[in-house]
Structures are given as structure tokens and as C-alpha cells.
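Structure first, then comments.
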Amino acid sequence: PDRSPVKVDEWLASPASEGWRLLWLTLENGASGVLVPVEGVKNSAALQEISSYYPCGIAWVDRKNTFDELFALYRY
């Protein structure tokens, strides 16, 4: 069997990527990124701090906290 690495474009075009394609982002300048969903995070601030060590490659986005803050704003 062929064990050479699969190119991103090949993977995105394959049935294996179905359900995961929306997590792959390609910007206008050709740069790419991947969204990695996580569960069970207990300390979002710690992950935010860790991501700050890599300013050119990793960003922590806490969507749950963002929505919690938004709903709290309108709740009261």
C-alpha cells in the first residue's frame, strides 16, 4: 500500500474528511488553519495563557465563555 503522506487538498476532497472539512480554514493569502474542538475544559484561563506562548500559531477561543458573557449581559 501507498504510505506516502496525504496532501491536504487530497484529504479534503476525500470521503474521509466528510464532517471535518468545516474545521479546515484557508485564508485569502493561502495560509491555513485548523479548528480543534475540545471538551471538558475546566480552566479556560490556563489554556489562554498557554496559547499566548505561541502568538504566531495558536489561538485559544472559548466560545462557551463568550456566549455565557453575552447571555449574562442580556439576562439582567
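Taken over the stretch 19-69, residues that are polar (S, T, N, Q), surrounded by 12 or more Cβ atoms within 10 Å (Cβ to Cβ) and under 16 Å from Val8 (Cβ atoms) amount to 1.
For the stretch 32-53, the set of residues classified as among the hydroxyl-bearing types (Ser, Thr, Tyr) and either modelled with pLDDT under 90 or part of a helix (DSSP H, G or I) (or both) consists of Ser32, Ser44, Ser51, Ser52, listed by residue number.
With respect to the conditions (1) over 30 Å from Asn65 (Cα atoms); (2) assigned to a strand (DSSP E or B), Ala16 lacks only one, and its number is (2). Residues in the stretch 1-16 that are surrounded by 11 or more Cβ atoms within 10 Å (Cβ to Cβ) and within 22 Å of Gly57 (Cβ to Cβ) were compared, and the one that is modelled with the lowest pLDDT is Val8.
The values are calculated or read from the model by the stated rules, or taken from the named source; none is laboratory data. Worth saying up front: this structure is predicted, and the values here are computed from it rather than measured. Note: ideal-geometry Cβ built from the backbone for every residue, glycine included; neighbour counts use all protein chains shown.
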